[in-house]
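Encoded as structure tokens, the structure appears first; notes follow it.
The values are calculated or read from the model by the stated rules, or taken from the named source; none is laboratory data. Predicted, not measured: the structure shown is a model, and the values here were computed from it. Cβ placement follows ideal geometry from the backbone for every residue including glycine, while neighbour counts extend to all protein chains displayed.
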Ligand SMILES: [Mn+2]
């Protein structure tokens, strides 16, 4: 479904007076901040939506259909991201998963995406499950496998994914490996690392000049004893050995409990090796929950380090790193969930932009621990939602995206168009 300009205007008009009051209050309170600069940064900041997050997710115990009207094709997935982007103007990219989404006609897909103002973010390979008819199995790993023919199959697949990405105008490949072991003794760690590195080198050599490779790490699952790219240190080892086009990708759910992710982010930025980001939230493990739903303060602290670290290297916030959501939706309407995640990300980013860096540096230099905390929590506890809404208003999106999505009965319309019992491909 498409949202008409008149529907957006009507919605915004109904909220405008109240919005302007809030924005004026905010401007009065923060007179030392150049609000216009912040608004422009919020306008520019775009977070890609993964093609696998548009349908109902599930757990290993089952999958419950929630809403109906799930996208059945890559075209309908693009349409859904277009709908989100029309509402919030912050979701201007889609990230495809191969082979769950294989564009049969790249030119058609590209122009369809462009008609919604969408670009193609990183393409994602899949060697964590066997595909029908594939010659050898990934049961005991892919790029790490003891058998060269399995490694070769996984290498060839990744190179094919790069080719698909090139045809769509993407410029990065994300490699997430399920490789590892479930029991002590199963794997020679050094050989597994060396096999993986050798395989990654072959994929790396197939990257076009302007491309990046993101090496995503994950602490555990589906393997439960060891993971061959298990943490940021291992990912960084691979990235450093591969070369300047290889980077570490941080997925917020891929750490052991209570890991200090903001410190990881800071050091990777220092090394020039932070490439991309997968947003989600978690309570216990890789829960893939709505970003900001469990630990919003941690999200703010991460953005605080992102902004500080990117500014220290003169990096463009919007374009230097790959920003993407990686979530699953077990009980919510996926599109509502994604709107909530984007809102949480934009708020955390705005709060990080508001941190008084000069005062914080001075407080750090004088070991004023209390003041350091006050400075950070002052912005974290400030309500900057009107600013995020203003950024949307400036570019013709909705002041309150979720409210408009609901009041226009978007899900009902999608069910009418696609049917009640549709299942998104790949899930
Ligand atoms: Mn991820």
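Observations, loosely collected:
- Residue match in region 399-413 (condition: under 27 Å from the mean Cα position of the chain (by Cα), in contact (Cβ under 8 Å) with a residue 24 or more places away in the chain, assigned to a helix (DSSP H, G or I) and more than 18 Å from residue 84 (Cα to Cα)): no
- Residues that are crowded, with 20+ Cβ neighbours inside 10 Å and either over 26 Å from the mean Cα position of the chain (by Cα) or under 17 Å from residue 128 (Cα atoms) (or both), drawn from region 158-194: 158, 161, 173, 174, 175, 176, 177, 179, 180, 181, 187, 192
- Screening 404, 338, 376 for residues that are closer than 30 Å to residue 36 by Cα and touching a strand residue (DSSP E or B) at 6+ places or on another chain (Cβ under 9 Å) leaves exactly one candidate, 338.
- Criterion violated by residue 348 - all others in (1) assigned to a loop (DSSP other than H, G, I, E, B); (2) surrounded by 23 or more Cβ atoms within 10 Å (Cβ to Cβ); (3) without any contact (Cβ under 8 Å) to a residue 60 or more places away in the chain satisfied: (1)
- Residue 360 falls short on exactly one of the conditions (1) away from the ligand (no atom under 16 Å from the Cβ); (2) assigned to a helix (DSSP H, G or I); (3) crowded, with 20+ Cβ neighbours inside 10 Å, and that condition is (3).
- Qualifying positions in region 310-331 - surrounded by fewer than 21 Cβ atoms within 10 Å (Cβ to Cβ), modelled with pLDDT of 95 or more and on the phi < 0 side of the Ramachandran plot: 310, 311, 312, 313, 315, 316, 317, 318, 319, 320
- Restricting 222, 208, 296 to those that are surrounded by fewer than 18 Cβ atoms within 10 Å (Cβ to Cβ) and within 14 Å of the ligand (Cβ to nearest atom) reduces the list to 222.
- Scanning region 88-100 turns up at least one residue that is modelled with pLDDT of 95 or more and part of a helix (DSSP H, G or I).
- Residue in region 103-121 that is modelled with pLDDT under 95, part of a loop (DSSP other than H, G, I, E, B) and touching a helix residue (DSSP H, G or I) at 6+ places or on another chain (Cβ under 9 Å) present: yes
- Of all the residues in region 310-345, those that are closer than 15 Å to residue 41 by Cα and not in a helix (DSSP H, G or I) number 9.
- Residue match in region 244-252 (condition: free of Cβ contacts under 8 Å to residues at least 60 places away in the same chain, assigned to a helix (DSSP H, G or I), out of contact with any strand residue (DSSP E or B) (no Cβ under 8 Å at 6 or more places or on another chain) and over 24 Å from residue 181 (Cβ atoms)): no
- Residue 76 falls short on exactly one of the conditions (1) in a loop (DSSP other than H, G, I, E, B); (2) within 30 Å of residue 419 (Cβ to Cβ); (3) modelled with pLDDT of 95 or more, and that condition is (1).
- Residue list for region 267-292, filter: assigned to a helix (DSSP H, G or I) and surrounded by 20 or more Cβ atoms within 10 Å (Cβ to Cβ): 268, 269
- Against the numbered list (1) within 19 Å of residue 301 (Cβ to Cβ); (2) more than 17 Å from the chain's Cα centre (by Cα); (3) within 16 Å of the ligand (Cβ to nearest atom), residue 235 comes up short only at (1).
- Summed over region 195-205, the residues that are crowded, with 22+ Cβ neighbours inside 10 Å and over 30 Å from residue 114 (Cβ atoms) give a count of 4.
- When the criteria are applied in full, residue 276 meets the requirement of being modelled with pLDDT under 95 and within 16 Å of the ligand (Cβ to nearest atom).
- Subset of region 177-204 [within 16 Å of the ligand (Cβ to nearest atom) and in contact with a helix residue (DSSP H, G or I) (Cβ under 9 Å, 6 or more places away or on another chain)]: 177, 179, 180
- Residue in region 48-65 that is within 21 Å of residue 392 (Cα to Cα), surrounded by 20 or more Cβ atoms within 10 Å (Cβ to Cβ) and either at pLDDT below 95 or within 24 Å of the chain's Cα centre (by Cα) (or both) present: yes
- The set of residues in region 132-176 that are out of contact with any helix residue (DSSP H, G or I) (no Cβ under 7 Å at 6 or more places or on another chain), under 23 Å from residue 226 (Cβ atoms) and within 16 Å of the ligand (Cβ to nearest atom) comprises 174, 176.
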